[in-house]
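Engineer: Would you mind keeping the following structure in view while I ask a few things?
Please treat every number below as a calculation from the coordinates, not as lab data. Everything quoted here is computed from the prediction, not taken from an experiment. Please note: Cβ atoms are built from the backbone with ideal geometry, for glycine as well, and neighbour counts cover all protein chains shown.
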Amino acid sequence: MAAPPVCPPSVEDLTYPAGSLVLITGLPGAGKSTLLDRLYGLRGDETGPVTADGAVVIDSRQARAWWAPRLAPLPPRLRTPIVHATHMARIVRALLHGRTVVAHSRGTWPHIVYGLAWIARLSGAGMHLIMLDVDPRTAREGQLSRGRVVAPVLFARHCRRWRRLVTRARTGALPPAASVTVLDRPAADLLRAITFDKR
């Protein structure tokens, strides 16, 4: 049975059971890393997961920074899959070790959402989605500000997949998730903490 979506006009903190996977999803440039920076004090130059407030915080920039000196000679089309696989492996490893995890992911790929939900259940945890639902123009501006821009054709595909996912979330039709919170940019800006109940 799908969890009903939570689409609050404003929220200052979100609380989940300890041991959960909280997956922050959204279009490229939607502000996923920016949110993690603000909530957990990430600098963006970390090369591995960071433990903060009892959770393992995993941002894809960590894998990118770890690989940067090793993969610099390779073109982006070869670097990106390696970085992404490393990022996913770090999330899976933390889950299988029973850790509470806050991570961000390419939210437009349904197989990633389903795969991580399955692994979370396998490890006895629930997966909770926070979906940053920003319009494509805002996401494109976010890409420009970070200095990494997705090719227009690829970004259009992301937008189509994202719209389908958000539509399903708003109707409670994302079965893998224990809960879904859809936040627009103003609501995300009001979020002050992601907290976890004690075990």
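Engineer: At q = 0.13, 0.16 Å⁻¹, what log₁₀ I(q)/I(0) does a Debye calculation on the Cα points of the chain give, no solvent, two decimals?
Structural biologist: Debye intensities relative to I(0), on a log10 scale: -0.66, -1.05.
Engineer: Compute the distance in nm between two label points, each set 7 Å from the Cα along the Cα-to-Cβ direction, one at Trp118 and one at Ala52.
Structural biologist: 3.1 nm
Engineer: A further question on this structure: Fewest Cβ neighbours within 10 Å first, please rank Ile112, Ile58 accordingly. If you can, show how the numbers build up before the last one.
Structural biologist: On the way: Ile112 17, Ile58 27.
The fewest-first ordering by Cβ neighbours comes to Ile112, Ile58.
Engineer: Turning to a different aspect of this structure: Test of understanding: in a Gaussian network model of the chain with alpha carbons linked when under 10 Å, which of Leu96, Leu129, Leu35 would top the mean-square fluctuation ranking?
Structural biologist: Its mean-square fluctuation being the largest, the pick is Leu96.
Engineer: Could you go through region 112-117 in sequence order and give the Karplus-derived ³J(HN,Hα) for each residue, using 6.51 cos²θ - 1.76 cosθ + 1.60 with θ = phi - 60°, rounded to whole Hz, and x for Gly and Pro?
Structural biologist: Result, rounded to whole Hz: 6, 4, 5, x, 5, 5.
Engineer: Mind giving me the FRET efficiency for Arg170 and Leu74? R0 is 35 Å, r the Cβ-Cβ distance, nearest 0.05 is fine.
Structural biologist: Numbers: r = 39 Å, r/R0 = 1.13.
FRET efficiency, Arg170 to Leu74: 0.35.
Engineer: Return the long-range amide H neighbours of Thr195 (sequence gap of 5 or more, or a different chain), with a cut-off of under 5 Å between placed amide H atoms.
Structural biologist: When sequence neighbours closer than 5 places are left aside, the close amide H contacts are Leu14, Thr15, Tyr16.
Engineer: A follow-up question, please. Considering only C-alpha atoms, what is the centroid distance from region 20-85 to region 87-115, in Å?
Structural biologist: 12 Å
Engineer: If you don't mind, another one. Measuring from label point to label point, each 7 Å out along Cα→Cβ, what is the Arg163 to Asp184 span in nm?
Structural biologist: In this crude label model, Arg163 to Asp184 measures out at 1.7 nm.
Engineer: Hey, could you get me the Stokes-Einstein D for region 85-199, Kirkwood radius over alpha-carbon pairs, 37 °C and 0.692 mPa s, rounded to whole µm² s⁻¹? Show your work: numbers first, answer last.
Structural biologist: Numbers: Rh = 15.6 Å.
Roughly 211 µm²/s, to the nearest whole number.
Engineer: Another one. Report the full-extension gain for the segment His111 to Ser145: residue separation times 0.36 nm, less the Cα-Cα distance, to one decimal in nm.
Structural biologist: Values: separation 34, 0.36 × 34 = 12.24 nm, distance 2.84 nm.
Length gained, His111 through Ser145: 9.4 nm.
Engineer: Could you list which residues have their amide H under 5 Å from that of Val22, counting only those 5 or more apart in sequence or on another chain, with H placed in the peptide plane?
Structural biologist: Those qualifying (amide H under 5 Å, at least 5 residues apart or on another chain) are Val101, Val102, Ala103, His128.
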